[in-house]
Amino acid sequence: MSQLPPPGQPWPIGFTATCLRATLYILLIAGLAQGAYIEALHYPEVRFSEYGFTELTQSVLLLMASLLLLYTRQVLKVLPTVTLLMFAFTFSSFIREQDYFLDTWVARHTWKVLVTLVIVPILFWVIRERRRFVTEFASYANSFSFGLFAAGVLTTYVFSRLYGRQDFWMAVMEENYVRTFKDAAEEVVELLGYALILIAVIELTLLARRWALARRKA
């Protein structure tokens, strides 16, 4: 893999490009919220189930993030160890989202086997290349993308899990408790978290592209 430009080198983004990207991200988030809204109002038979808009879109967001990370690593050849570790995270999450289908159509716990096959060899490779990883991470940690990625992970894997606890919603709704409300709250927050992760990966890909172009000109 090719080497990165020096960490800390400025990579200015034009005001117009910033506004355009912000607008597109706003439209993405608004579209996801509207999709969940339409699912709740008009599709009660699949509302927040594995066949509903929210769950299926979660998988699409994770798959898109995984493909972009592979593109950044294999085509742009930037941050090879960092992007590989991020790919392990997003693709394993994608597999985890398919647990219902895998358990139903293949065998129980199939997703666990597949996740293990993804994570173990990648972790082994990253640990073996740990010095390179640390160097690459120093370049990535100060970027806008990293902050967004961390926010997405915290939203999906910390906040949504705690916010979606059954005891919490039973206490809030008391005798009116219906599991659908709890599922809706948890799944929509997860959807937001995955959207943040995708936006972070898009920003990483754009940053990597600028790095790759600068490297060619150097």
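See the values below:
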{"read-out": "Helices (runs of 4 or more DSSP H) lying entirely in the range 101-182 (those with 2 or more residues that are of a type in the set (Val, Ile, Thr))", "value": "110-128, 130-140"}
{"read-out": "Any hit, the range 103-117, residues being small (Gly, Ala, Ser) and buried (at least 19 other Cβ atoms within 10 Å of the Cβ)", "value": "no"}
{"read-out": "Within the range 143-185, tally of residues that are crowded, with 20+ Cβ neighbours inside 10 Å, closer than 16 Å to LEU61 by Cβ and not small (Gly, Ala, Ser)", "value": "4"}
{"read-out": "Residue ID - modelled with the highest pLDDT, chosen from residues in the range 88-131 that are more than 22 Å from THR156 (Cα to Cα) and of a type in the set (S, T, N, Q)", "value": "THR110"}
{"read-out": "Boolean, SER139 is touching a residue at least 40 places away in the same chain (Cβ under 8 Å) and open to solvent by less than 30 Å² (accessible area, probe 1.4 Å)", "value": "yes"}
{"read-out": "Condition check for LEU207: modelled with pLDDT of 95 or more and either surrounded by 19 or more Cβ atoms within 10 Å (Cβ to Cβ) or within 25 Å of LEU28 (Cα to Cα) (or both)", "value": "no"}
{"read-out": "Condition broken by VAL78, with the remaining ones in (1) assigned to a helix (DSSP H, G or I); (2) in contact (Cβ under 8 Å) with a residue 24 or more places away in the chain; (3) within 30 Å of ARG215 (Cα to Cα); (4) of a type outside the set (Gly, Ala, Ser) satisfied", "value": "(1)"}
{"read-out": "The range 56-67 - residue that is in contact (Cβ under 8 Å) with a residue 12 or more places away in the chain and surrounded by fewer than 21 Cβ atoms within 10 Å (Cβ to Cβ) and, of those, nearest to THR205 (Cα to Cα)", "value": "MET64"}
{"read-out": "So LEU198, is it under 18 Å from LEU85 (Cα atoms), under 22 Å from the mean Cα position of the chain (by Cα) and surrounded by fewer than 14 Cβ atoms within 10 Å (Cβ to Cβ)", "value": "no"}
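The values are calculated or read from the model by the stated rules, or taken from the named source; none is laboratory data. If you're wondering where the values come from, they're calculated on a predicted model, not measured in any experiment. Glycine gets a Cβ as well: all are built from the backbone with ideal geometry, and neighbour counts include every protein chain shown. Note: accessible area is taken over every heavy atom of the protein model, side chains too, but ligands, DNA and RNA are not part of it. Shrake-Rupley method; radii C 1.70, N 1.55, O 1.52, S 1.80 Å.
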